[in-house]
Amino acid sequence: MPLSQEATSDVPTLPGTHSGIPTFLLEKARKAKEGVFDTRTKPTKERQRLPVVPLGIERDEFMKALKELGEQLGEEHVEINDKPLVDGWYMEHPNTHDMMTILDEEELVASAVVYPSSTEEVQAIVLWANKYRVPIFPISMGRNLGYGGAAPRVRGSVTIDLGRRMSAILDINPEDYTCLLEPGVSFYALYEALQARGYSHMWIDTPDLGGGSVVGNTVDRGVGYTPYGDHWAAHSGLEVVLPTGEVIRTGMGALPGNNTWQTFPYGFGPYSDGIFSQSNFGIVTKMGMTLMPNPGGYESFMYTFPHEADLAPLIDIIRPLRIGNILENVAQLRHVTQAIAALGQPRSDFFPGGDDDGGALSDDVVHAAATKHLAVGDHTWAYYGMSYGPDHIRKHKLALVDAEFRKIPGAKKVDPATLPADDYYFARDRIAAGIPDIHELRWVNWTPNGAHVAFSPVSPIRGTDATALFKLGKDTHDKYGIDFFPAFCVGLREMHLIVEIVFDRADPERRKAAMDCLREMVDKAARLGYGEYRTHLVLMDQVAGTYSWGGGAIMKFNERIKDALDPNGILAPGRCGIWPERYRGRGWEMGSGEDGGGVRGGGWWGG
Ligand code: EUG
């Protein structure tokens with residue numbers, strides 16, 4: 001089979017494109033790309049597609065409307081999605097659909113993509129959408145992988161790709177330790193800008209992969225791994241285009257001539273920012289972000305623990321240390337199965353004789369593989385943390401941690417000098433120091449055409465909760481023959497359990513298994529009182545439905561806000577389970593059902 005162009009092009013770099021890789025990661029990114037295309041069997045369809053048209057508008061009228069928009073923005077900034085859907089890979093990702101689709105890839109596609117260059121142009125697009133009643137779906141960069149990527153929730157929406165032409169770092173303030181960003185600034189780009197300006201006294205906070213938009217990740221309430229890991233808590237000030245076209249600035253941004261927009265997040269009166277996170281109430285065009293002072297030294301540490309049952313006592317040891325800030329960062333406690341997957345080899349490599357029985361890897365196979373392939377050796381849990389500050393301060397904190405962690409029999413502190421230079425440990429080390437990486441991607445090679453989708457419940461930092469969620473996840477994965485990759489990310493008083501299901505997106509049966517497994521976990525977790533902190537497009541209705549206290553009081557409240565702010569229901573209908581009035585009760589919701597949650601209904605409205 002000849003290699004497609006997507007497989008042979010070089011990895012795009014910064015600053016050549018706003019979404020490129022920094023030069024210091026280029027070699028690593030090239031290797032990652034090789035791994036992705038080595039395990040890809042899914043062909044790219046060659047044929048031209050008839051563009052999808054959003055429901056409720058005739059094809060001709062829609063084409064005319066797009067032409068009108070092109071006259072306003074410049075024709076080249078309005079692209080009709082009539083080309084074959086190209087999945088690309090992480091660094092060359094599509095903005096027309098979810099490259100990690102869990103439904104048929106044609107289900108959640110855009111009809112067109114538009115590229116505004118300014119807040120004023122975003123306003124113009126919003127007014128246009130109201131005029132023609134066209135659903136629009138804003139993305140910052142579209143790298144929300146595991147949660148839907150760039151795909152719109154309503155098929156045929158017009159995607160607003162904010163990032164491509166709005167990727168300016170509007171300000172970096174070296175005295176206040178703040179910055180002001182447009183949606184197209186990635187964690188990679190922000191990191192590079194600080195280095196280029198010689199601002200080594202300021203750190204960013206980055207998620208596991210650095211290619212996402214800082215604005216997009218933050219408004220989706222994403223997480224990183226320094227003490228500033230709660231991105232939403234670290235932001236200060238938004239500029240938002242409302243669904244009817246007005247622009248507001250939140251917090252101190254409402255006061256003309258202020259110099260506190262990025263230093264005091266609240267301003268005066270109701271704190272509005274919250275309703276623009278995980279919502280469809282507005283389009284964020286600028287966001288202030290705080291930066292962490294370089295702590296003057298840092299030191300990663302890694303401990304391994306031998307048994308699955310160590311989880312509960314370990315979590316109970318972690319809780320007071322974390323709340324007391326002796327454990328200072330959002331650390332990860334990862335299961336050994338994921339460590340094996342993070343080697344970057346396909347799972348078939350770990351079966352003796354390549355013999356895949358169709359089920360999840362057994363504990364025996366996992367531990368044999370760990371013994372043979374992991375530099376840290378066999379274990380069940382690995383804790384990756386970081387201590388900050390000068391030597392004498394770290395020494396004190398690390399001694400406290402060491403004494404506590406060693407209460408678990410068989411606990412081992414890993415000596416980094418024993419690890420090869422490309423060990424996963426060093427990626428965690430960089431990330432916890434605010435240096436973005438691309439290492440995490442390796443486990444997508446676990447299956448051919450590897451895609452991932454997340455199950456992300458939150459709980460207090462308690463052994464009983466960790467055990468309950470672990471068991472729920474493990475049992476459900478076993479039932480569907482899916483390997484279980486749990487990682488606990490420990491915030492200040494809660495933890496996010498992150499379970500990424502890796503599946504072959506070219507195989508409808510494996511997609512359905514992943515989908516069924518997810519739906520079952522969401523329901524089971526809700527019955528135990530656990531909810532997800534964030535979710536994939538196709539799970540949003542279900543997850544929103546679990547937040548049902550008071551007869552669904554919170555959703556009724558959200559719907560009132562939605563209807564007040566977006567009377568024509570044009571902005572990201574269905575995002576986070578919030579449907580505007582004219583969509584409600586017409587079969588747009590996706591829930592657990594016979595079809596495993598495909599797009600059902602999509603009811604036409606007359607008039
Ligand atoms: C990860 C972490 C997340 C998330 C999705 C993926 C990392 C996987 C803490 O939040 O939402 C290793």
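In segment 79-119, which residues have a backbone nitrogen under 17 Å from the label point lying 7 Å from F37's Cα in the Cα-to-Cβ direction? Inside the label zone: 86-94. Exposure proxy ranking for K33, K397, K407, based on other Cβ atoms within 10 angstrom of each Cβ and starting from the fewest, stands as K407, K397, K33.
In the chain, the longest principal axis of the Cα atoms and the axis of helix 391-405 are about 80 degrees apart. Here the contact order of segment 169-293, divided by its residue count and restricted to Cα pairs under 8 Å and six or more residues apart, works out to 30 percent. In a simple Cβ point-charge model (Lys, Arg +1; Asp, Glu -1; nothing else charged), segment 208-311 has a dipole of about 460 debye relative to its Cα centre. Over segment 485-584, the pair-distance histogram of Cα-Cα distances with 5 Å bins from zero comes to 2, 11, 17, 19, 17, 14, 12, 6, 1 percent, rounded to whole numbers. If you take the square roots of the eigenvalues of the alpha-carbon gyration tensor of segment 416-491 and sort them as a ≥ b ≥ c, do you get rounded (a/c under 1.5), prolate (a/b over b/c) or oblate? Oblate shape, in that a/c is at least 1.5 and b/c is the bigger or equal ratio. Between segment 233-275 and segment 372-440, the alpha-carbon centres lie 39 Å apart.
For the chain, the longest principal axis of the Cα atoms and the long axis of helix 508-527 meet at an angle of about 80 degrees.
Give the calculated FRET efficiency between L419 and S4 to the nearest 0.05, with a Förster radius of 35 Å applied to their Cβ-Cβ distance. After rounding, the FRET efficiency stands at 0.45. Classify segment 435-478 as rounded, prolate or oblate, taking a ≥ b ≥ c as the square roots of the eigenvalues of its Cα gyration tensor: rounded when a/c is under 1.5, otherwise prolate if a/b is larger than b/c and oblate if not. It comes out oblate by the Cα gyration axes. Per-residue Cβ neighbour counts within 10 Å put E328, E246, E308, E76 in the sequence E76, E246, E308, E328, beginning with the fewest. For segment 298-535, the relative contact order works out to 30 percent when only alpha carbon pairs closer than 8 Å and six or more residues apart are counted.
Per residue, the convex hull around the alpha carbon atoms of segment 164-223 comes to 85 Å³.
Annotation: amide H of N173 within the under-5 Å range of T178, C179, sequence separation 5 or more or interchain, hydrogens built in the peptide plane. Kirkwood's formula applied to the C-alpha pairs of segment 1-66 gives a hydrodynamic radius of 15.4 angstrom. Ignoring everything except DSSP H segments at least 4 long, calculate the 222 nm mean residue ellipticity for the chain; use -39,500 (n - 2.57) per segment, divide by total residues, nearest 500. It lands at -9000 deg cm²/dmol. Relative protection proxy for 272-282, 144-154, 544-554, from highest mean packing down: 144-154, 272-282, 544-554 (other beta-carbon atoms within 10 angstrom).
Using a cutoff of 8 angstrom between alpha carbon atoms and counting only pairs six or more residues apart, the relative contact order for the chain works out to 15 percent.
Compactness check for segment 39-98: Cα Rg over 2.2 N^0.38 Å is 1.37.
Each residue of segment 139-146 was assigned a 3J(HN,Hα) from its phi angle through the Karplus curve 6.51 cos²θ - 1.76 cosθ + 1.60 (θ = phi - 60°); the sequence is 10, 7, 10, x, 9, 7, 6, x Hz, with glycine and proline shown as x. Note that segment 67-80 has calculated 3J(HN,Hα) couplings of 5, 4, 5, x, 5, 7, 9, x, 3, 5, 9, 10, 10, 7 Hz, one per residue in order, obtained from phi through the Karplus relation 6.51 cos²θ - 1.76 cosθ + 1.60 (θ = phi - 60°); glycine and proline are x. Which angle from 0 to 90°, rounded to the nearest 10, does the C-alpha axis of helix 363-373 make with the longest principal axis of the chain? That works out to roughly 80 degrees.
How would you classify segment 82-179 from its alpha-carbon gyration tensor, with a ≥ b ≥ c the square roots of the eigenvalues: rounded for a/c under 1.5, else prolate if a/b is greater than b/c, otherwise oblate? Here segment 82-179 falls in the oblate category.
Ranking of F485, F455 by neighbouring Cβ atoms within 10 Å, starting from the fewest: F485, F455. Pairs of Cα atoms in segment 417-548 fall into 5 Å distance bins, from 0 up to the last occupied one, in shares of 2, 10, 18, 20, 19, 15, 11, 4, 1, 0, 0 percent.
The Cα center of segment 42-65 and the Cα center of segment 458-508 differ in position by 38 Å. At q = 0.10, 0.12 Å⁻¹, what log₁₀ I(q)/I(0) does the chain have when each alpha carbon counts as one equal point scatterer in the Debye sum? For the requested q values the scattering log ratios are -0.88, -1.31.
Every number here is computed from the coordinates shown, using simple stated rules; none is lab data. No experiment lies behind these values; they were computed from the predicted model shown. Cβ coordinates were reconstructed from backbone atoms using ideal geometry, including for glycine residues, and neighbour counts include every protein chain displayed.
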